[in-house]
Amino acid sequence: MNSTTSRPSARRRTIAAAVAAFAAGPALLTAPAAHATGGEGRASAVVLRTDLDVALLNKAVHVPLTATLNEVQAPASARRTALTVTLDGVEQGRPVSVLKADVATAQATADGRRAEGRTELARAKVHVPGLPLLSLIELEKVTARALCEAGGQPVAEANVPGRVTVLGKRVTLTAGGPTKVEVPGVGEVTLTLSDTRTTSRTAAATALALTVSVNPLKANVADVTGTITLAEATCESPKAPAAAAAPAGPTAPAAAKPADVRPQTAGEPPEANLAETGGSSLTPYLAGGSLALLAGGAGALALTRRARAARARG
């Protein structure tokens, strides 16, 4: 085969390669969507927590009285049910039943979508050293709940729907401020009702918080001071997943093979809708393809002219 016959084949291969490169061009600009996942939330719940100081023998001896009942935390589901908590060695060596209740439950759950803490206490009596026959507080029911969902506003709820008796006195609790109960010869208790707090990602609820100062008959046998918390729940929202990133360019068509290339003629209709819209998102690629075709055609034309000139000189 002579060089004159091979040149058209070379030109066709050049044009076909340019068209194939144009067809594959958009695929180089397409990026995969990015996805990010959030972490788990957190939750906790506790039925009772004490932070008391018991002073004995005219305050010569101090015994810390710290206890918790049914304290649970999550991630992972957790649930506890216990009806009593007893401390030893604070009242002349005898055990003291700090809390007795018919219902005392705490539950905490957390995963990637939501976190929740929940506490319920019903028909309960709280005792402290020095008052073996008189309850510090008796109540019918208290509940606390904290719920945090990814992307949502946290919720905190606390309720004390039943009767409350403090140091033998029936009291009416209000949400307007603390309630103080004083009993001569026994002591005083200040109660804070239904304290709730929320932020953009956290919530906390406490049904009852007691500030205690008890010294029966001023005998200095058992001077008890400190705080008691009843029915507490907290939560922290899971981190919301990041939004999926938008693709950087249009979806790429499949690359055309040289065998699929078909030269257009002047009699073929233009691309549908191109005249109506004035262009499309593929306009830059069409322009680039046209330049590649023009460059290939110009090269082929130059080769043809040089061959003719050589034949004329011969």
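The values are calculated or read from the model by the stated rules, or taken from the named source; none is laboratory data. All values derive from a computational prediction rather than experimental measurement. Cβ atoms come from the backbone with ideal geometry, glycine included; neighbour counts cover every protein chain shown. SASA here: full protein model, heavy atoms, side chains in, ligands and nucleic acids out. Shrake-Rupley method; radii C 1.70, N 1.55, O 1.52, S 1.80 Å.
Computed with the Debye formula from one identical point scatterer per Cα of the range 66-209, without solvent, the log10 of I(q)/I(0) at q = 0.21 Å⁻¹ comes to -1.31. Each label point was placed 7 Å from the Cα along the Cα-to-Cβ direction; for SER97 and THR227 their separation is 2.8 nm. Report note on the peptides 223-229, 150-156: ranked by the mean count of other C-beta atoms within 10 Å, highest first, their order is 223-229, 150-156.
In terms of packing, defined here as the mean over residues of other Cβ atoms within 10 angstrom, the peptides 199-209, 181-191, 132-142 line up highest first as 199-209, 132-142, 181-191.
Using just the alpha carbons, could you tell me how many Å³ per residue the convex hull of the range 44-135 encloses? For the range 44-135, the hull spanned by Cα atoms encloses 91 Å³ per residue.
Based on the Kirkwood approach, the hydrodynamic radius assigned to the range 115-187 is 14.4 Å, with every pair of different Cα atoms included. As a rough guide to protection, the peptides 79-86, 157-164 ranked by mean Cβ packing within 10 Å, highest first, stand as 157-164, 79-86. Converting phi to 3J(HN,Hα) with the Karplus coefficients 6.51, -1.76 and 1.60 and the offset θ = phi - 60°, the range 146-153 yields 10, 10, 10, 10, 4, x, x, 7 Hz in sequence order, with x at every glycine or proline. Cross-link check: pairs LYS59/LYS141; LYS59/LYS125; LYS141/LYS180 evaluated at a Cα-Cα cut-off of 23 Å; pairs beyond the cut-off: LYS59/LYS141; LYS59/LYS125. Among the protein heavy atoms of the range 72-162, carbon and sulfur supply 44% of the accessible surface, probe 1.4 Å, non-protein parts ignored. Between ASP51 and LYS180, residue separation times 0.36 nm minus the direct Cα-Cα distance comes to 44.5 nm.
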